[in-house]
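Trainee: Just dropping this structure here.
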């Protein structure tokens, strides 16, 4: 994979890319607390037949790190990806998102569907489904405790960064299947978290989300018109699985696959199966 950058008015976005640029493009969007490396298995696999692109989202690793919370609103981050598509010289691309990257993917597919051939969502529900479930399900509210914890000034960054980010690494290990994250992987994550105090900026995504609850209003009465596949690891510790089925109601051409053995980190737990599901869907 090759490292490249593209310029925004406020800074640069870093992305990894591979494959032949003449092929169809797939953009992979990572979530918290990862970076482009989240897609290592997918980039290697799909670069054989596609042009693959995996950015570090703003606040992460080598990309720009604005200092104000309001600069991490979903619509602003989504515009980073639209600018990336333009930078690549593409009119339409395939889109894959996980965790916060999936939240950005939902936004893009709902409001800018004309820029995408198809989309794949990994383990994140439609934003309205999540908002409704958060306030009607004690089970989901209890699973989302960390979102409120991240609103506390300084403390989350301090705790996650202690002892060379051991607590952040433990969070990944405790919520994934055994062997999904190797020691070598975790060292790469720690390097990314240290880069320009990335952890502090990554947490700003959560601050911005709770400070702008009206964001979900832009999705009212809208459906994803492009073909969409949801892949959901059933053993997700942070999200109740029934939200995946409820999200299908917001798709005109959607389908869902549960992976019983997978956690929230589904592309790490079951990389071959996830690759096969994505490939089959894109080629259908």
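The values are calculated or read from the model by the stated rules, or taken from the named source; none is laboratory data. All values derive from a computational prediction rather than experimental measurement. Don't worry about glycine lacking a Cβ; one is built from the backbone with ideal geometry, like all the others, and counts go over all protein chains shown.
Trainee: Is there any pair linking a residue in the stretch 153-171 that is touching a residue at least 40 places away in the same chain (Cβ under 8 Å) to one that is not in a helix (DSSP H, G or I), with Cβ under 7 Å and at least six apart or on different chains, and which?
Mentor: If the second residue must be not in a helix (DSSP H, G or I), the pairs left are 156/150; 168/33.
Trainee: Within the stretch 241-275, how many residues turn out to be assigned to a loop (DSSP other than H, G, I, E, B), surrounded by fewer than 16 Cβ atoms within 10 Å (Cβ to Cβ) and touching a helix residue (DSSP H, G or I) at 6+ places or on another chain (Cβ under 8 Å)?
Mentor: 1
Trainee: Against the condition in a loop (DSSP other than H, G, I, E, B), surrounded by fewer than 17 Cβ atoms within 10 Å (Cβ to Cβ) and either at pLDDT 90 or above or in contact with a helix residue (DSSP H, G or I) (Cβ under 9 Å, 6 or more places away or on another chain) (or both), how does residue 187 come out, does it pass?
Mentor: So residue 187 does not fit the description; no.
Trainee: Here's a follow-up. How many residues does the stretch 13-33 contain that are loosely packed, with under 15 Cβ neighbours inside 10 Å and within 20 Å of the chain's Cα centre (by Cα)?
Mentor: Final tally of qualifying residues: 0.
Trainee: When you look at residue 235, is it buried (at least 16 other Cβ atoms within 10 Å of the Cβ), in a loop (DSSP other than H, G, I, E, B) and over 17 Å from the mean Cα position of the chain (by Cα), yes or no?
Mentor: Criteria met by residue 235.
Trainee: Of the conditions (1) in contact (Cβ under 8 Å) with a residue 40 or more places away in the chain; (2) outside any helix (DSSP H, G or I); (3) exposed (fewer than 13 other Cβ atoms within 10 Å of the Cβ), residue 176 fails just one. Which one is it?
Mentor: (3)
Trainee: A further question on this structure: Suppose the filter is over 17 Å from the mean Cα position of the chain (by Cα), exposed (fewer than 15 other Cβ atoms within 10 Å of the Cβ) and at pLDDT 95 or above; does residue 279 pass it?
Mentor: Spelling it out, it is not the case that residue 279 is over 17 Å from the mean Cα position of the chain (by Cα), exposed (fewer than 15 other Cβ atoms within 10 Å of the Cβ) and at pLDDT 95 or above.
Trainee: Answer yes or no: is there a residue in the stretch 207-221 that is assigned to a loop (DSSP other than H, G, I, E, B), at pLDDT 95 or above and over 30 Å from residue 154 (Cβ atoms).
Mentor: The answer is no; no qualifying residue exists.
Trainee: Additional query: Please note which helices (runs of 4 or more DSSP H) are completely contained in the stretch 29-137 and include at least 3 residues that are without any contact (Cβ under 8 Å) to a residue 12 or more places away in the chain and farther than 17 Å from residue 15 by Cα.
Mentor: Where helices (runs of 4 or more DSSP H) fall fully within the stretch 29-137 and carry at least 3 residues being without any contact (Cβ under 8 Å) to a residue 12 or more places away in the chain and farther than 17 Å from residue 15 by Cα, they are 127-136.
Trainee: Just checking, which of 83, 79 is surrounded by fewer than 22 Cβ atoms within 10 Å (Cβ to Cβ), closer than 28 Å to residue 216 by Cβ and touching a strand residue (DSSP E or B) at 6+ places or on another chain (Cβ under 8 Å)?
Mentor: One residue alone meets the criteria, 83.
Trainee: Related question: Looking at the stretch 7-23, which of the residues that are in a loop (DSSP other than H, G, I, E, B) and out of contact with any helix residue (DSSP H, G or I) (no Cβ under 8 Å at 6 or more places or on another chain) is nearest to residue 88 (Cα to Cα)?
Mentor: My answer is 21.
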